[in-house]
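*Asks:* Got a structure here, written out as structure tokens. Questions coming.
What follows draws every value from the coordinates through simple rules; no lab data is involved. All values derive from a computational prediction rather than experimental measurement. As a convention, Cβ positions derive from the backbone with ideal geometry for all residues, glycine included, and neighbour counts pool all protein chains shown.
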Amino acid sequence: MSNLKQVLAEIDLLKAKLDSLLPMKREDEERLWKKFRLEWNYNSNHIEGNTLTYGQTELLLIFDKTTGDHDMREYEEMKAHDVAIKKVVEYANDKSRDLAEADIRELNKLILVRPFWSDAITPDGQPTRKLIQPGEYKKQPNSVRLQNGEIFHYASPEETPAKMEQLIQWYRQASTDEKIHPVEVAARLHYDFVRIHPFDDSNGRTARLLMNYALIRNGYPPTIVKSDEKKAYLDALNKADVGNFEAFIEYIAECQLWSLNLSINASKGLSINESSDITKEIALWKRSINPLQKYNAVKSYTFVVDFIEKNLMTLFFKLIEKHRVFDDLFVLNQVSIFSNGVGESIASGKDLEDFFKVRLSGRLQDDVYLVSNDTKLSLSISHQHYKLKPERRSFFTSSIEVDFKPLVIEMFHVSTNSNRVELAKLPYKTELNPSEIEDMVNKALAEDFSHIKNLQQ
């Protein structure tokens with residue numbers, strides 16, 4: 001049995017297992033889709049050069065907040081791609097209609113939003129500029145220069161309409177052919193579209209949208225091509241270019257295994273954060289022991305604000321969101337934020353963002369002030385009057401405390417009647433990855449859950 005057949009057989013087993021666990025609980029389905037949505041948007045755009053971090057992507061798409069000083073087009077591109085994903089899901093779930101060229105044009109139009117000028121090369125390899133029209137097939141050749149200097153030619157503008165019509169007809173036939181595995185159909189749809197390269201821009205993102213349209217329509221979860229595997233992804237495409245189609249189909253199939261396993265875990269109510277992923281474990285371990293990671297950056301206004309924007313905003317937003325699971329157990333619930341002991345209530349995500357970006361920045365002042373004074377931040381989530389024990393005056397508070405020391409940032413979690421538990425001790429200029437933030441939030445939530453259960457006693 002070839003390796004591709006083995007992978008497809010494994011997919012069949014996992015798909016059957018997933019189907020046996022359906023339907024999912026609503027909350028499991030929602031957290032799974034949130035995970036897929038973030039992974040799909042972040043990775044597909046990152047492959048094409050978008051520089052938003054995973055955390056910034058989450059803030060933008062889930063909380064509609066922006067951080068950092070990226071070009072505005074990068075934020076717009078991420079949000080536009082998210083709209084295109086929703087459209088793909090809508091198309092895939094509508095069994096009364098078949099995929100049409102107009103749908104593909106619409107997806108490209110949604111991604112690109114509006115016309116813009118872009119660098120290009122002529123058929124003979126000369127640099128030029130051209131106007132990109134979203135959703136319109138190319139009017140000029142969109143050749144690319146390879147790393148070896150050669151010019152790679154896609155379908156010509158004259159050939160494109162006929163080839164796109166052929167692609168649609170092939171997909172409609174293949175999608176109903178039981179002899180062709182649905183994952184193979186999706187992979188071939190992706191590859192054949194890329195070989196045509198019908199649009200002047202965003203052909204890669206559109207191809208991955210089409211691939212996942214085909215998968216979702218057949219009851220599979222979306223396949224996520226990870227940006228840190230870009231080289232392997234492009235290598236597989238290059239192998240298909242020289243006739244080795246199995247290599248690309250196998251690559252997509254391997255990616256689908258990850259999606260199926262994630263979906264099975266979600267269906268079982270298990271964690272779907274990837275803190276256990278070995279590469280992330282190694283990165284976290286290296287950070288803790290690497291002798292090159294010295295605390296040699298001194299506290300400054302820039303470093304403090306940078307840490308807040310890249311890490312704390314995401315951490316606080318996520319903890320507030322997850323802690324709402326306890327709100328219905330109490331009569332009163334309140335979120336507050338404190339800076340150097342001065343607190344104020346936070347009623348919404350907008351309030352939290354305003355605190356960070358407006359009021360806090362004014363309090364931090366300049367570098368001289370920061371170096372010579374304590375800088376402390378804390379998020380406090382309080383619950384009062386436990387409904388299941390109304391005869392008792394129950395009060396519970398969970399806090400994340402952040403202490404900006406001269407050379408190190410110390411982070412703690414404190415619950416009512418518990419010790420101060422260290423979450424992290426970090427040098428300045430640290431950017432936490434999503435799994436590290438997720439781990440901190442889950443650790444705090446687990447401790448809080450343990451204490452809240454004790455209120456029953």
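*Asks:* Using a Cα-Cα cut-off of under 16 Å, which aspartates and glutamates could be cross-linked to Lys130, ignoring same-chain neighbours fewer than 8 residues away?
*Replies:* Result set, ordered by chain and number: Asp119, Asp200, Asp201.
*Asks:* Moving to a separate point now. Could you work out the local net charge near Ser118, counting Lys and Arg as +1, Asp and Glu as -1, over the other residues with Cβ closer than 11 Å to its Cβ?
*Replies:* Details: positive: Arg129, Lys130; negative: Asp119, Asp200, Asp201.
Around Ser118, the charge tally is -1.
*Asks:* Another question about this same structure. Going by C-beta contacts inside 10 Å, put Arg217, Arg420 in order with the fewest on the left.
*Replies:* Arg420, Arg217
*Asks:* I would also like to ask the following. Could you tell me how far the Cα centroid of region 21-85 sits from the Cα centroid of region 400-457, in Å?
*Replies:* Answer, in whole Å: 25.
*Asks:* So how do Ser44, Ser300, Ser227, Ser259 line up by other beta-carbon neighbours within 10 Å, fewest first?
*Replies:* So the residues, fewest neighbours to most, are Ser300, Ser227, Ser259, Ser44.
*Asks:* For the chain, what does the helix formula give at 222 nm: sum of -39500 (n - 2.57) over DSSP H segments with n ≥ 4, over the residue count, nearest 500 deg cm²/dmol?
*Replies:* Mean residue ellipticity, 222 nm, calculated: -16500 deg cm²/dmol.
*Asks:* Please compute the net charge surrounding Lys453, taking Lys and Arg as +1 and Asp and Glu as -1 over other residues with Cβ under 13 Å from its Cβ.
*Replies:* Here the charged neighbours net out to -1.
*Asks:* When only Cα pairs under 8 Å and 6 or more residues apart are kept, what is the percent relative contact order across the chain? Show your work: numbers first, answer last.
*Replies:* Working: 632 pairs, mean separation 66.0, N = 457.
It comes to 14 percent, rounded to a whole number.
*Asks:* Any idea how far the Cα center of region 87-106 sits from the one of region 174-245, in Å?
*Replies:* Measuring centre to centre over Cα atoms gives 16 Å.
*Asks:* Would you mind checking the tilt of helix 101-112 against the longest principal axis of the Cα atoms of the chain, expressed as 0 to 90 degrees and rounded to 10?
*Replies:* The answer is roughly 40 degrees.
*Asks:* When the convex hull of the C-alpha atoms of region 3-267 is computed, what volume per residue in Å³ does it have?
*Replies:* 137
*Asks:* So for each of 91-97, 107-113 I average, over its residues, the number of other beta carbons within 10 Å; can you give me the resulting order with the highest mean first?
*Replies:* So the order, starting with the most tightly packed, is 107-113, 91-97.
*Asks:* Given the pairs Lys318/Lys389; Lys17/Lys230; Lys17/Lys268; Lys25/Lys95; Lys65/Lys405; Lys389/Lys453, which span a C-alpha to C-alpha distance of over 20 angstrom in this model? Walk me through the numbers on the way to the answer.
*Replies:* Details: Lys318/Lys389 28 Å; Lys17/Lys230 30 Å; Lys17/Lys268 11 Å; Lys25/Lys95 23 Å; Lys65/Lys405 28 Å; Lys389/Lys453 12 Å.
Beyond 20 Å: Lys318/Lys389; Lys17/Lys230; Lys25/Lys95; Lys65/Lys405.
*Asks:* Additional query: Among Thr206, Thr416, which comes first, then next, by fewest other beta-carbon atoms within 10 Å?
*Replies:* Thr416, Thr206
*Asks:* Give the peptides 75-87, 306-318, 6-18 in descending order of average Cβ contacts within 10 Å, highest first.
*Replies:* Descending packing order for the listed peptides: 306-318, 75-87, 6-18.
*Asks:* Over all directions, what mean area does the Cα convex hull of the chain project, stated in square nanometres?
*Replies:* 26.6
*Asks:* Summing Lys, Arg as +1 and Asp, Glu as -1, what charge do residues with Cβ under 12 Å from the Cβ of Gly219 carry, Gly219 excluded?
*Replies:* Details: positive: Lys15, Lys95, Arg217; negative: Asp19.
Result for the neighbourhood of Gly219: +2.
*Asks:* Further, regarding this structure: Going by average Cβ density within 10 Å per residue, which order do the peptides 189-197, 234-242 take, highest to lowest?
*Replies:* 189-197, 234-242
*Asks:* Can you give me the angle between helix 182-196 and the longest principal axis of the chain, using Cα atoms only, in degrees from 0 to 90, rounded to the nearest 10?
*Replies:* The angle comes out near 70 degrees.
*Asks:* Separate question: Compute the acute angle (0 to 90°) between the alpha-carbon long axis of helix 278-289 and the principal axis of greatest extent of the alpha-carbon atoms of the chain; round to the nearest 10°.
*Replies:* Taking the Cα atoms of the chain, the angle to 278-289 is about 40 degrees.
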